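The values are calculated or read from the model by the stated rules, or taken from the named source; none is laboratory data. Please read these numbers as outputs of a predicted model, since none were measured by experiment. Neighbour counts run over all protein chains shown; Cβ positions are idealised from the backbone, glycine included. The accessibility values were calculated without ligands, DNA or RNA, using every heavy atom of the protein model including side chains. Shrake-Rupley method; radii C 1.70, N 1.55, O 1.52, S 1.80 Å.
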Amino acid sequence: MSKPINVESFKGIFTPILMPVTNDYDGVIDVPRLRRHVSEIIERGVDGILAFGSNSEFYMFDDGEMIEATKEIIDEAAGRVPVMFGVGHIRTSKAVALAKRAAELDIDAISVLQPMFIQPTKPALYHHFKAVADAVPDTAVLIYDNPGRAGYPIGIPTIVKLAHDVDNIVGIKDSSGNITNLQELVRQTSDIDFKVFAGKDTVVFAGFCCGASGAVCSTANIYPELVCGIYDKFAAGDYEGARENQFKLNPIRNSQDAASFPAATKDMANLMGMEAGPSVLPTEATDGAALEGMVKAMRDGGYLE
């Protein structure tokens, strides 16, 4: 059974955890390596884990694989940090069914992405998110708005209406990268206890300046001290130090844009000797100029010799 809703635990840096696999074709999740990675990033400072976000390659695994892997994550985390579970099904009934299965686990929240490929109307989007949240009324739900991957934005009015209408929709991961968008989400939900997370690694500091509660950062899989330092320093009032961390991170994160999503995160982890394994086909490892650019950025940042 999911944990009681505790919005105060939704703050800081959450990591959409990498999902190591035994080989790129079969994509069988390597549980021992996954568990090692869970403990490593917790010990190195992350404030929470998102299981099966975009960088967990959720679209490559079936529901049973995701549920079983999340059980391993929860067991390894052992209550040290909150664990969220990502739902990304296009069909509402499938999203509801998966959310119900996830809510049977000892998770802290469910994150729900807008349906990809199709583009529902705003009322249809409202009904989709409400249906998922209503199916798990005792579980915290966060909206995941990723217009770059889904192909369209959910829209601020729809998000704000859901935040006010549905009791267990308690936050959002905003991956638009648009600071005005994030700021408006904070402003228009300031009358309720609604947690806004920045979903773009390059705007974490700016997000905190706008009143965001946290951020979901794929780079925290690889550079947790650097990324978590943005939040830790900001929370301690060291705004200049937090900004310095952000500025050190940005060239490294920006170098990933030349690679195929989401290979770059695993590629960087492997370059750091983390044994993240390959991406699941058809995503292939980065090579050529894109790889050279990432290596240079990591070297310039002091992470490679």
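Odds and ends about this structure:
A quick yes/no check of all residues on (1) under 12 Å from the mean Cα position of the chain (by Cα); (2) at pLDDT below 95; (3) open to solvent by 20 Å² or more (accessible area, probe 1.4 Å):
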{"residue": "V38", "(1), (2), (3)": "no, no, no"}
{"residue": "E43", "(1), (2), (3)": "no, no, yes"}
{"residue": "S54", "(1), (2), (3)": "yes, yes, no"}
{"residue": "E57", "(1), (2), (3)": "yes, no, no"}
{"residue": "D63", "(1), (2), (3)": "no, no, yes"}
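- Pairs where the first residue, in region 251-271, is touching a residue at least 24 places away in the same chain (Cβ under 8 Å) and closer than 10 Å to N55 by Cα and the second is of a type outside the set (A, V, I, L, M) and in a helix (DSSP H, G or I), C-beta under 6 Å, 6+ apart: P262/N55; A264/Q256; T265/N55; T265/S218
- Counted residues, region 188-212 - those being under 20 Å from F234 (Cα atoms) and assigned to a helix (DSSP H, G or I): 10
- Residue within region 71-88 that is over 24 Å from P32 (Cβ atoms), surrounded by 16 or more Cβ atoms within 10 Å (Cβ to Cβ) and either in contact with a His (Cβ under 6 Å, 6 or more places away or on another chain) or not hydroxyl-bearing (S, T, Y) (or both) present: yes
- Members of region 276-293 that are touching a residue at least 40 places away in the same chain (Cβ under 8 Å) and in contact with a helix residue (DSSP H, G or I) (Cβ under 6 Å, 6 or more places away or on another chain): A276, S279, V280, T283
- Any hit, region 252-275, residues being assigned to a helix (DSSP H, G or I), charged (D, E, K, R), on the phi < 0 side of the Ramachandran plot and surrounded by fewer than 19 Cβ atoms within 10 Å (Cβ to Cβ): yes
- The residues on offer are A220, A215, and the sole one that is within 15 Å of the chain's Cα centre (by Cα), part of a strand (DSSP E or B) and under 21 Å from L142 (Cα atoms) is A215.
- Subset of region 105-128 that is within 13 Å of S2 (Cα to Cα) and of a type in the set (A, V, I, L, M) - its residue that is most open to solvent (accessible area, probe 1.4 Å): L105
- Conditions (1) under 16 Å from K11 (Cα atoms); (2) in a loop (DSSP other than H, G, I, E, B); (3) open to solvent by 20 Å² or more (accessible area, probe 1.4 Å); number of the one not met by S176: (1)
- Exactly one residue out of I154, I159 is touching a Leu at 6+ places or on another chain (Cβ under 7 Å), outside any loop (DSSP other than H, G, I, E, B), among the β-branched types (V, I, T) and open to solvent by less than 30 Å² (accessible area, probe 1.4 Å), and it is I159.
- Of the residues making up region 137-151, those that are open to solvent by less than 20 Å² (accessible area, probe 1.4 Å) and within 17 Å of R91 (Cβ to Cβ) are Y144, A150.
- Contact annotation: residue pairs with Cβ atoms under 6 Å, 6 or more positions apart or on different chains, pairing a residue in region 88-107 that is in contact (Cβ under 8 Å) with a residue 40 or more places away in the chain and at negative phi with a partner that is open to solvent by less than 20 Å² (accessible area, probe 1.4 Å) and in a loop (DSSP other than H, G, I, E, B), are A99/V136; A103/S2; A103/V136; A103/T139; I107/S2.
- Sole residue being touching a Lys or Arg at 6+ places or on another chain (Cβ under 7 Å) and farther than 20 Å from Y231 by Cα, chosen from V141, V166, V132, V160: V166
- Of all residues in region 70-104, those satisfying the criterion of being out of contact with any strand residue (DSSP E or B) (no Cβ under 6 Å at 6 or more places or on another chain), in a helix (DSSP H, G or I) and either of a type outside the set (A, V, I, L, M, F, W, C) or under 22 Å from D30 (Cβ atoms) (or both) are K71, E72, D75, E76, T92, S93, K94, K100, R101.
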